[in-house]
Amino acid sequence: MYIRAASNISPQNTFGNQPFLEELVEYTGDKLTCIEPDYKTLIDPKLIRRMSRIIKMGVASGMDCLQQAGISVPDAIITGTAYGCLEDTNTFLSKMVQQNEEALAPTAFIQSTHNTISAQIALLLQCHQYNNTFVNGGASFENALLDAMMLLHEGEASNVLIGGIDEITANSHTILKRMGLYRSEAISNLNLLNSGDKGTMAGEGAAFFLLSTQPSGNDQAKIDGVSGFYKPRNTAEIQQQISNFLSAQNIGIDDLDLIITGKNGDVKNDSIYHQLQDSVLGDGPAISYKHLCGEYPTSSAFALWLAANCIKKSSITPALNATDIPVKKVLIYNHYQNIHHSLILLSAC
């Protein structure tokens, strides 16, 4: 699959014609929130009033991606989200309690479903093609990618708009922090990966990609393979999964120019990556990304955007404190709470 265009609304300056992570945005606390653009340039102002925050982010990044690719209507729209439209869900449930389940306005309920974003994009484009949303926790975006690969491989579509979206709300953040996912004390995201403590920082984002079967001559990168596995028994099983994936692509670890890992600053989470770097992942060039966007189930969409840009520019941005070397082949390895593990291999066109 060729990545013809990519658009990303995140806690960093990644949307629009911004320099590629030239200066990192610092956050102090336990969460990173998206830097939102002026939506009026992409969405009718009359429609914006009825859209919640995550819908605006998703629709804007999806429409911007299509504009970059020069595609008016894609052959398919596929999204992945673990939490869906949390703000609308909270609004609907709160009003249901406050109004004793009587005389409820339907708008919040209609917009609370997980497929709202892909549906909104389709309605705005008058796109009556294949439309699907995957809600599989930490594997949501990867499953959307696999679905796109099958559609393209089987000739059911020539170009597919695919996205990964999740948001933070006050209630969801409180609940997940109570479960011990986030730091109990404030920390800078730029120091997150070096602190070695319990918990991480919450994150959110909306990243969309236009994937095609044919090269356009101006593609960012191509996706060679996607794989995922669920609840491995031990590190040895993870090592075997990575080795099998690389073997299936007829490459070895030494053929990779860069490895992007999902380290998030939590000592238990990151121990898996440290063990793998001592074995199957080797000691080659490696960077992490969750100090830029925070931890959330579809953060691998941010990692894909990061990898595609590194390949397109054939370099690693100096802001990531990595050796600047030519980048032609990149492996993304991420796991979410050691439940959902995923591998994505990209290469230069």
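For the reader, a short list of remarks on this structure follows.
- The criterion of at least 2 residues that are over 22 Å from C65 (Cβ atoms), polar (S, T, N, Q) and in the same structural domain as D30 (by TED's automatic domain parsing) is met by the following helices (runs of 4 or more DSSP H) wholly inside segment 88-185: 170-178.
- Inclusion of I48 among residues that are within 27 Å of F92 (Cα to Cα), at pLDDT below 95 and touching a helix residue (DSSP H, G or I) at 6+ places or on another chain (Cβ under 6 Å) is warranted.
A quick yes/no check of all residues on (1) out of contact with any Phe, Trp or Tyr (no Cβ under 6 Å at 6 or more places or on another chain); (2) without any contact (Cβ under 8 Å) to a residue 40 or more places away in the chain; (3) closer than 21 Å to N194 by Cα:
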| residue | (1), (2), (3) |
| --- | --- |
| V280 | yes, no, no |
| A286 | yes, yes, yes |
| Y296 | yes, no, yes |
| N309 | no, no, no |
| P318 | yes, yes, yes |
| I332 | yes, no, yes |
| N338 | yes, no, yes |
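- Among the residues of this structure, S195 does not count as one that is in contact with a Lys or Arg (Cβ under 6 Å, 6 or more places away or on another chain), small (G, A, S) and surrounded by fewer than 18 Cβ atoms within 10 Å (Cβ to Cβ).
- Of the residues making up segment 53-79, those that are in a loop (DSSP other than H, G, I, E, B) and crowded, with 16+ Cβ neighbours inside 10 Å number 3.
- For segment 108-123, filtering for residues that are more than 17 Å from I43 (Cβ to Cβ) and in contact (Cβ under 8 Å) with a residue 24 or more places away in the chain leaves 4.
- Qualifying positions in segment 22-52 - part of a loop (DSSP other than H, G, I, E, B), under 20 Å from the mean Cα position of the chain (by Cα) and crowded, with 20+ Cβ neighbours inside 10 Å: Y27, D30, L32, C34, S52
The values are calculated or read from the model by the stated rules, or taken from the named source; none is laboratory data. Just so it is clear, the structure is predicted and the values come from calculations on it, not from any experiment. Cβ: placed from backbone, ideal geometry, glycine included. Neighbour counts: every protein chain shown.
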